[in-house]
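The values are calculated or read from the model by the stated rules, or taken from the named source; none is laboratory data. If you're wondering where the values come from, they're calculated on a predicted model, not measured in any experiment. Every residue, glycine among them, receives a Cβ derived from its backbone with ideal geometry; neighbour counts consider all protein chains shown.
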Amino acid sequence: MNNVKISLTPAALKRAASFTYAAYTISLPAGSLGDLVARSAAYAGGRVVFAAADQSLTLFGAKPLRVWQDLTPARLRQIQQELQVQWVDLTPGGGAAPCLMGGLPFDLAGQPAKFWADLATGYVILPQLLFKQTPTGKTVTLLAPVSAHLAADLQELADQVSALMAADRPVPAAPPAVTGTELAVADWMKLVDRSVAAIQAGQLRKVVLARQLAVTTGAHFDPVAILHRLAAQQVNTYRFLVESPQRAFVGATPERLVKATATEYLTASVAGSAPRGATPAADQQLGAALLADPKNQAEHQIVVQRIAKLLAPYTTAVTIGARQLLKNRDIQHIYHPLAGPRQAGSHLLDVVAALHPTPALGGEPRAAALAWLREHEAGRGLYGAPVGWLSLGADEGEFVVGLRSGVFSAQAGRLYAGCGIVAASHAATERAETRLKFQPMLRGISDSWTIKRN
Ligand SMILES: C=C(O[C@@H]1C=C(C(=O)O)C=C[C@H]1O)C(=O)O
């Protein structure tokens, strides 16, 4: 691509003067956005990627103009509302809106999540370079603060895009060999037993317990390389990367929290898990057994009923789609899509606040489950939390549940996996289920790993 020339008329510059930020959208030649992400090492420490499971959208934000931490959905809604009126589109003929991208914490009131460093309490960026790929094309939206040198600043951003597109794609390094340690297994199994006892005593109906696998490598964890491997390995998943100067949170989740279009909210209930079979017949049998299993049915019913109730006030009617199996490479789940037309005046982040954490990640009732987790579990950081993007134009965006994921520094990482505990749960089976849920990320980070139990 030849270098792009930004053209701003004096009238456009005058219009910009009453705003804080100015945006300018450029169409890019066809080609995979993944290739650009692969070349983006110069922006390491400040990248966020979101790739929708149905390939309808990939977003790549880089060069944060602003960063927010200590987040709740309500706080992010306030930030969105403030920013919505602070930017102006200077694209001749009209361009795309800037977006906020990143993740909220699972529970700000939970125990501190030390390993997460600067990602611990949520991390949302306003990128200066926002690449967007849809089936109809590829664009980049540049965002600069309005100043006397706005035209030069936008041109410099455009030049950085040209340089990125011209950069050589680095030859991917072989994935590092990894040593893993399952943390606190005996304690966790005891906690499963105690949770089952609390459920049987009527203290709560369901709680989702997570555990951690610490991973280390003598080489280097490259979050973008992990993201690419996940994209190739994990069908039917949303891939994401939230990268700060200190950490990178990467994953491939099957679970949508909520997508807001102009007219609809779409969500999903994903709960109840089984392995994939080695042959189509074995796989079909495992799926049929999962659908027929009373414990998994009970676990799933709690989730689907609660989500339908929580979504109802924000829609004119909730439709619960047919029960299906959601199959990823290593795991299959019971799955229901849910959707409803938007209630006039409702906001995406209010729906995020209402839904998170669903009983697929927290429990039922929510308050009792969260209290149980705050007391018994180490902080989750962004694991299991809303991860996604939010437009600063219309109130549209999508948040997924940050599962099948890990957080990394250069040489160390933590993978997370959780499972729903109900009255009929057994610690050994739940441990096996969480082991299965570590599998996608282990495969994503390495071709060879050794796991120790601590
Ligand atoms: C908590 C996780 O997964 C969640 C729990 C599930 C279950 O209990 O069956 C299934 C899918 C997810 O909603 C995880 O993968 O870490």
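Below, the figures for the structure above:
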{"item": "Meets criteria (within 24 Å of ALA360 (Cα to Cα) and of a type outside the set (S, T, N, Q)) for LEU164", "result": "no"}
{"item": "Residues that are within 15 Å of the ligand (Cβ to nearest atom) and aliphatic (A, V, I, L, M), drawn from segment 353-380", "result": "LEU355, ALA360, LEU361, ALA369, LEU370, LEU373, ALA378"}
{"item": "Tabulated pairs, segment 19-43, first outside the structural domain of THR139 (by TED's automatic domain parsing) and closer than 24 Å to ALA152 by Cβ, second modelled with pLDDT of 95 or more and small (Gly, Ala, Ser), C-beta under 6 angstrom, 6+ apart or interchain", "result": "none"}
{"item": "Residue in segment 136-145 that is surrounded by fewer than 22 Cβ atoms within 10 Å (Cβ to Cβ), under 30 Å from HIS220 (Cβ atoms) and without any contact (Cβ under 8 Å) to a residue 12 or more places away in the chain present", "result": "no"}
{"item": "Filtered residues of segment 166-177 (kept if touching an Asp or Glu at 6+ places or on another chain (Cβ under 9 Å) and surrounded by 12 or more Cβ atoms within 10 Å (Cβ to Cβ))", "result": "PRO172, PRO175, PRO176, ALA177"}
{"item": "Per-region count, segment 248-266, residues buried (at least 24 other Cβ atoms within 10 Å of the Cβ) and over 14 Å from the mean Cα position of the chain (by Cα)", "result": "1"}
{"item": "Considering residues of segment 389-412 that are within 16 Å of the ligand (Cβ to nearest atom) and not aliphatic (A, V, I, L, M) only, the residue nearest to GLN80 (Cα to Cα)", "result": "PHE399"}
{"item": "Pick from segment 328-346, criterion outside any loop (DSSP other than H, G, I, E, B) and more than 16 Å from the ligand (Cβ to nearest atom), ranking: surrounded by the fewest Cβ atoms within 10 Å (Cβ to Cβ)", "result": "PRO341"}
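Per-residue answers, yes or no, for (1) surrounded by fewer than 21 Cβ atoms within 10 Å (Cβ to Cβ); (2) small (Gly, Ala, Ser); (3) within 19 Å of ALA17 (Cβ to Cβ):
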{"position": "PRO64", "(1), (2), (3)": "no, no, no"}
{"position": "GLN78", "(1), (2), (3)": "yes, no, no"}
{"position": "GLY93", "(1), (2), (3)": "yes, yes, no"}
{"position": "ALA97", "(1), (2), (3)": "yes, yes, no"}
{"position": "PRO105", "(1), (2), (3)": "no, no, no"}
